[in-house]
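Participant: Handing you this structure, nothing more for now.
The values are calculated or read from the model by the stated rules, or taken from the named source; none is laboratory data. In this text, all values refer to a predicted model and were calculated from it rather than measured experimentally. In this analysis, Cβ positions are derived from the backbone assuming ideal geometry, glycine residues included, and neighbour counts consider all displayed protein chains. To get the accessible areas, we keep the full protein, side chains included, count just its heavy atoms, and leave off ligands, DNA and RNA. Shrake-Rupley method; radii C 1.70, N 1.55, O 1.52, S 1.80 Å.
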Amino acid sequence: MIFRHIIAPILFFTSGTQHLVAQVDSSLFRTATPDTDSNVLNMDAIYTRPYLVSGNYPVAIGGYLESNWQHSGTDGVSEGHQFQFRRLTLFFSSTITRRIRFLTEIEFEDGARHIAIEFAALDFELHPLLNLRGGMILNPIGAFNQNHDGPKWEFTDRPLASTELLPATWSNPGFGLYGKWYQGSLMFGYETYITSGLNDSVISNSQGRTFLPAVKNKPDRFSGNGNGEILWNGKLACKHNKLGEIGVSAFTGIYNTWQAGGLQTDFKRRCSAWAIDYNNSIKSWGTRIVGEWVCIRTEIPESYSQQFGAKQHGGFVDIIQPLIKRPFLHWEQAEINLAVRLEYLDYNRDTFSETAERIHDETSSIVAGLGFRPSTQTILRLNYRYRLQKDLLGNPPEQSATISLGISSYF
Amino acid sequence: MYCRTLKPLLIVVLLILFGSCEKLQPEAPPDNSILDGVLTELSLLEQTRHLKGDQSFNDKHFHAANGLGPGFVATSCGSCHAGDGKGHPFSTLTRFGQADSNGNTWLEKGGPQLQHRVLPGYQPEQLPSGAPFAKLIPPAVTGLGLLEAIADETLLMFADPFDLNSDGISGRPHWNTVPAYVQIRAGAIASHDRYIGRFGHKAAVYSLLQQTLGAYNQDMGITSLQEPSDPYTGQKNDPEISQNEINDVVFYLQTLKAPMPRNIHDPEVIKGRQLFNQINCTGCHLPELKTALSPINALSNKTIYPFTDLLLHDMGPDLDDGYTEGFATSAEWRTTPLWGLGLASQSQGGKVYLLHDGRASSIDQAIRLHGGEASNSRNGYLKLTGQERKALIRFLESL
């Protein structure tokens, strides 16, 4: 009994870490360590990953996996023990000729139930300030969407604002420009893309609320642009060596199908999102702070139900404090971190026309985490999450708590 | 050194964690503080069915792709009956078109129910001017299986249509016509081919199946084998919901437990209960009833405390909206079961909206709005001292 429930999982997790590390040490490959210089913005996340390169072979490969054990309960109803294999992601990158790079990220989620090309783009570098990117692009909204690799985070669950307000991880076919510029201790970056993206599921989904993540479930969304409308995406980021990086991003587009076969079937309705993100490391303490806040405006048909919010917002703040950083067993840069995440989101910021009172439909959560990193690329993390969820009317909230122990590692 | 202390420490932390998962999770609220509990005594098979119905009732939102509308009032059962409790002005329905027992004369104009919400691209239905109408707030849906299991014979025992006992109260059953698909229960008593309705504020609905099919159709625009006409277009549609799912939802409703009282030993509550008897609120809000034999074991031969007689009462001109259903008059309403009353604010967003249309914002106001057959009781209430009224309300809140 004790073995099955307690010792076996521990052995399982510890053996997993060692195995992964051993693989990286294999003599055939060497690891191309990610750009660790400070001239890196959040938008560079897809390239700042460890890759394995072999000799002069032009293709570098990499990937990460995420798996965890979880025990959660809501208002006294327990879901019992859950062992989850969340995702396995593979990336391949290659330099086709000078100044032309290709990178792709393929994700297998929940076993192999969902297989997705998360990213697959060609980058033409014309000038550091002017790069052309085309293919399947991660929309640059907020910071998490482009920087979502499990091993980079101290928490097993993705931030609620990124999965419940925004459809992270969210990528769409399209193209555009990006670039970077340095000036002393300041660095600026920009990205502008036009992509496909939204569809009717924004307000027509099984959640019965305005829910952008539902746009991902439309099966035919890659074969053409559903409603013939462009999604405009843009992001500006600015980083100071000491003050950290701040990003401002937005997208906007018509989300509904308003015409078919040359006939107008509805009015055009727009959905727009703005996000602000921030990250910094306080050198003296080693404290890392990451946060993101997003606001969404969706035009809801006048006589549709008020349960579909026209205004939504939410975000999160992560604070990560390294406690111990020193060699441990055979790991030279082992680190133990304490982490806290605070998050809040409101699916519907309107008021009831019947009572002039505010519509609730909101959730908040606090997560405490303890992370052990044998190296920067692998994390064994223990999280406790407490979450409150209020319905439209603001009735007593549903309370839930989840304990999870998970591993995530690049390989 | 570090390793030696750290490793055992880690193992101890993990041991504590795995051993105490349940303790780190929120406790279940006490049974008497929630409405959405399940009957005890269900078999494993019955619990599975209850669970399936629960998911359809609470978690299934309809949308354009799975049949919603085009006209509708809400997108799921649970969005109007949150936590299986009473609803809110946001989920209140408007019915219109019938003023007396000659039937609904506004069916051509979209009666009997207004679908004021529509899918994108459609025009919402408007209340036709001049039509008699009433607004109806969603009642709690708990304990209804038990109410359905009461024998007609029992209800007739409490009916007194000609007020032979001269107490001013003349409750009568709502003998209404039933649609052909409705299965008549064993032991049902008919009068001129009509049967006793017991659901809805006008008690116009015979069974939970009929209520459920009507709700899918009129509240969400979902057509079924039994109710194939789309309320927006008036045209027959393919079924948008399966018979299995409908049956599971009905089973879910049937097997929700009866609300349980709180603070029953509080002296003020005991005092309030005596006053409730004394001013004859019990003339309509019957404290105790017995169920008959039911195909569901857990519902058979149970003593229940719903505080209703399921009969129609003339409640006087203040509560007469000029609209009615079946053979009830527009001033007649079914006695609202008072069980669960104290939990109303927990499903109505922290406030209370009482009476058929939610017009009363407190229990006190709901009692003061009683008229007609309830005039004597209301006057009795008005004569109570402030202390006594407080005790009576404390008692009602304990239900």
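Participant: Please identify the helices of chain B, taking whole runs of DSSP H, that span at least 20 Å along their own axis as judged from the Cα atoms and have a mean Kyte-Doolittle score of -0.5 or higher.
Facilitator: In chain B, the long hydrophobic H runs are B:2-19.
Participant: Another question about this same structure. Taking θ = phi - 60°, what integer Hz values does the Karplus form 6.51 cos²θ - 1.76 cosθ + 1.60 yield along segment A:309-322, in sequence order, with x for Gly and Pro?
Facilitator: Each residue of segment A:309-322 in turn: x, 7, 10, 9, 7, x, x, 8, 10, 10, 10, 10, 10, x Hz.
Participant: So, one more: Check each of the trypsin sites (Lys or Arg not before Pro) in segment A:278-384 and keep only those in coil by DSSP with at most 11 other C-beta atoms within 10 angstrom; list them in order. Don't jump to the answer; show the numbers that get you there.
Facilitator: Values: sites: A:LYS283, A:ARG288, A:ARG297, A:LYS311, A:LYS325, A:ARG341, A:ARG349, A:ARG358, A:ARG381; in loops: A:LYS283, A:ARG349.
Hits after loop and neighbour filter: A:LYS283.
Participant: Mind listing the phi-derived Karplus ³J(HN,Hα) values for segment A:281-297, rounded to whole Hz, using 6.51, -1.76 and 1.60 with θ = phi - 60°, and x for any glycine or proline?
Facilitator: Result, rounded to whole Hz: 10, 8, 3, 4, 9, x, 5, 10, 10, 9, x, 7, 9, 10, 10, 10, 10.
Participant: Please give the Cα centre distance for segment A:248-317 versus segment B:198-243, rounded to the nearest Å.
Facilitator: 37
Participant: Among the listed pairs B:LYS202/B:LYS351; A:LYS311/B:LYS86; B:LYS60/B:LYS135; A:LYS180/A:LYS325, give every one whose C-alpha distance is greater than 31 Å.
Facilitator: Distance filter (> 31 Å) returns A:LYS180/A:LYS325.
Participant: Let me have the 222 nm mean residue ellipticity of chain A computed from DSSP H runs of 4+ only, each contributing -39500 (n - 2.57), with the sum over all residues rounded to the nearest 500.
Facilitator: Dividing the helical sum by the residues of chain A leaves -1500 deg cm²/dmol.
Participant: Return, for the Cα atoms of chain B, the radius of gyration and Dmax in Å, separated by a comma.
Facilitator: 23.4, 93
Participant: How many Cβ atoms of partner chains, on average, are near each residue of B:318-327 if near means within 10 Å of its Cβ?
Facilitator: Rounded to a whole number, the mean comes out at 0.
Participant: Give me the accessible area of A:SER249, 1.4 Å probe, in Å² rounded to the nearest 10.
Facilitator: So the heavy atoms of A:SER249 present about 0 Å² to solvent.
Participant: Please state, as a whole number in µm²/s, the translational diffusion coefficient that the Stokes-Einstein equation yields for the protein assembly as shown at 37 °C and 0.692 mPa s, with Rh defined as the Kirkwood radius across alpha carbon pairs. Walk me through the numbers on the way to the answer.
Facilitator: On the way: Rh = 30.1 Å.
In µm²/s, the coefficient rounds to 109.
Participant: Given the pairs B:LYS271/B:LYS383; B:LYS23/B:LYS302; B:LYS52/B:LYS109, which span a C-alpha to C-alpha distance of over 27 angstrom in this model?
Facilitator: Distance filter (> 27 Å) returns B:LYS23/B:LYS302; B:LYS52/B:LYS109.
Participant: Across the residues of A:295-308, average count of Cβ atoms on other protein chains within 10 Å?
Facilitator: 4
Participant: Can you give the local net charge around A:SER249? Use residues other than it whose beta-carbon is closer than 11 angstrom to its beta-carbon, Lys and Arg +1, Asp and Glu -1.
Facilitator: The answer is -2.
Participant: Let me ask something else about it. Looking at segment B:216-292, which GluC sites (Glu not before Pro) are DSSP coil and have at most 11 other C-beta atoms within 10 Å of their C-beta?
Facilitator: B:GLU288
Participant: When the helix-only estimate is applied to chain B (DSSP H runs of n ≥ 4, each -39,500 (n - 2.57), divided by the residue count), what is the mean residue ellipticity at 222 nm, nearest 500 deg cm²/dmol?
Facilitator: Helix contribution divided over all residues of chain B: -7500 deg cm²/dmol.
Participant: Continuing with this model, one more query. Return a whole-number percent for the relative contact order of segment B:227-353, with Cα pairs under 8 Å and 6 or more residues apart as the contact set. Walk me through the numbers on the way to the answer.
Facilitator: Values: 125 pairs, mean separation 22.4, N = 127.
That works out to 18 percent.
Participant: Taking 8 Å as the Cα distance limit and 6 or more residues as the minimum spacing, I'd like the relative contact order of segment B:55-146 as a percentage. Please report the intermediate quantities before stating the final value.
Facilitator: Details: 148 pairs, mean separation 30.3, N = 92.
Reported as a whole number, the value is 33 percent.
Participant: Right, here's the next one. Relative contact order of chain A, please, whole-number percent, based on alpha carbon pairs below 8 angstrom and at least 6 residues apart. Write out the running numbers ahead of the final one.
Facilitator: Numbers: 1053 pairs, mean separation 55.7, N = 411.
Relative contact order here is 14 percent.
Participant: Can you work out the Karplus-derived ³J(HN,Hα) for every residue in segment B:66-78? Use 6.51 cos²θ - 1.76 cosθ + 1.60 with θ = phi - 60°, whole Hz, and x for glycine or proline.
Facilitator: Each residue of segment B:66-78 in turn: 10, x, 3, x, x, x, 7, 10, 8, 9, 7, 4, x Hz.
Participant: Right, another one. Looking at segment B:1-103, which GluC sites (Glu not before Pro) are DSSP coil and have at most 15 other C-beta atoms within 10 Å of their C-beta?
Facilitator: Here the sparse-neighbourhood loop sites are B:GLU27, B:GLU41.
Participant: Ignoring GluC sites (Glu not before Pro) that are buried or in helix or strand per DSSP, and keeping those with at most 15 other beta carbon atoms within 10 Å, what is the longest stretch of chain A between them? List each step's numbers first, then the result.
Facilitator: Working: sites that count: A:GLU302, A:GLU332, A:GLU354.
With a cap of 15 other Cβ atoms within 10 Å, the longest stretch comes to A:1-301.
Participant: If you count, for every residue in A:204-217, the Cβ atoms of partner chains within 10 Å of its Cβ, what is the mean?
Facilitator: Working: counts 10, 4, 9, 4, 11, 3, 0, 0, 0, 0, 1, 0, 0, 0.
Neighbouring Cβ atoms belonging to other protein chains average 3 per residue here.
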